[in-house]
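One structure below.
The values are calculated or read from the model by the stated rules, or taken from the named source; none is laboratory data. Model, not experiment: these values are computed from the prediction. As a convention, Cβ positions derive from the backbone with ideal geometry for all residues, glycine included, and neighbour counts pool all protein chains shown. In case anyone asks, the SASA skips ligands and DNA or RNA and just uses the protein heavy atoms, side chains included. Shrake-Rupley method; radii C 1.70, N 1.55, O 1.52, S 1.80 Å.
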Amino acid sequence: MYLDRIIYILSNWPIYGIEFFMPYLVIFLGVKNYRYLNLGLKLLAGAFVFWAIVDLYIWHLAILEENNYWIGNIQEAGFSVLVIVSFAQHFKKKGFLIFIILFVVQVLVYFLPEQGYEKYMFYTVNRIIFLGYSIYFFFKTLEQMKIQNLLQYPWFWIFAGFLIYSASTVITYLLSEFTISVVSQQSRSHFFKDFNTFFSFILYIFITIGLYKAKGFDQLNGQN
């Protein structure tokens with residue numbers, strides 16, 4: 001029964017099976033290049049470890065055909081906190097103020113009643129914050145011109161990935177009632193979920209490249 005359900009899910013929605021394994025690319029590079037990572041990159045890799053662990057339980061509930069939205073909300077919350085803390089650590093700014101505000105809002109949103117539904121509005125807020133950090137990174141990098149070869153800079157790939165992913169999916173979550181929610185048309189809902197999944201693939205690939213580049217960048221004044 002359990003195995004039959006897995007086969008059924010993977011045969012009908014293979015893209016979600018691929019998405020399940022994608023974080024392990026990030027985790028593999030994070031482990032392989034761990035000694036070359038600074039604190040910000042370690043926190044970022046840790047965010048994907050957290051995501052992958054929680055995802056196992058989400059799939060378990062899906063296979064049992066039980067409601068897994070509540071654990072998906074917790075997954076989104078924890079992942080976002082770790083990512084934003086890693087960004088704040090990279091910029092060495094008082095970005096922890098945003099982290100504190102984010103944490104308080106997430107507690108209010110995710111642990112209020114109606115945990116049986118995904119909180120898409122906060123998914124939107126998270127992506128706006130990711131987008132803001134990414135734009136700030138490129139603005140600061142182009143303004144200071146300290147990095148001679150951006151393609152060898154780990155954080156370039158990381159922020160490029162978050163920029164593409166956040167800018168491409170934020171409208172989907174903002175208009176979730178018409179795109180991916182349970183009340184939207186089923187065919188349209190699957191289309192936009194696959195759309196989001198495609199850009200999550202891009203994010204995973206860019207993060208993996210970023211962690212790979214850390215090995216060759218670790219001696220450059222600790223800027224990785």
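A compact table of results
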| item | result |
| --- | --- |
| Neighbours by Cβ (under 7 Å, 6+ apart or cross-chain): first from region 1-14, more than 20 Å from Phe195 (Cβ to Cβ); second β-branched (Val, Ile, Thr) and open to solvent by less than 80 Å² (accessible area, probe 1.4 Å) | Tyr2/Ile63; Arg5/Ile63; Ile6/Ile63 |
| Test: residue in region 160-179 that is at pLDDT below 75 and not hydroxyl-bearing (Ser, Thr, Tyr) | yes |
| Residue within region 199-216 that is open to solvent by 60 Å² or more (accessible area, probe 1.4 Å) and at pLDDT below 85 present | yes |
| Matching residues, region 133-166, being under 21 Å from Val81 (Cβ atoms) and open to solvent by 40 Å² or more (accessible area, probe 1.4 Å) | Ile135, Tyr136, Leu163 |
| Residues located in region 48-58, provided they are over 23 Å from Gly210 (Cα atoms) and surrounded by fewer than 16 Cβ atoms within 10 Å (Cβ to Cβ) | Leu56, Tyr57 |
| Condition met for Ser187 (modelled with pLDDT of 75 or more, assigned to a helix (DSSP H, G or I) and among the small types (Gly, Ala, Ser)) | no |
| Selected residue (only one of Gly72, Gly40 is at pLDDT 90 or above and open to solvent by less than 40 Å² (accessible area, probe 1.4 Å)) | Gly40 |
| Test for Ile63: is it more than 26 Å from Ile128 (Cβ to Cβ) and surrounded by 14 or more Cβ atoms within 10 Å (Cβ to Cβ) | yes |
| Filter result for Gly30 (under 17 Å from the mean Cα position of the chain (by Cα), open to solvent by less than 30 Å² (accessible area, probe 1.4 Å) and closer than 19 Å to Ser189 by Cα) | no |
| Unique match (being farther than 16 Å from Ile158 by Cα, small (Gly, Ala, Ser) and either open to solvent by 50 Å² or more (accessible area, probe 1.4 Å) or modelled with pLDDT under 85 (or both)) among Gly116, Gly78 | Gly116 |
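Condition check ((1) out of contact with any Lys or Arg (no Cβ under 6 Å at 6 or more places or on another chain); (2) touching a residue at least 40 places away in the same chain (Cβ under 8 Å); (3) within 24 Å of Met1 (Cα to Cα)) across all residues:
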position	(1), (2), (3)
Val31	yes, no, no
Ala47	yes, no, no
Ile53	yes, no, yes
Glu76	yes, yes, no
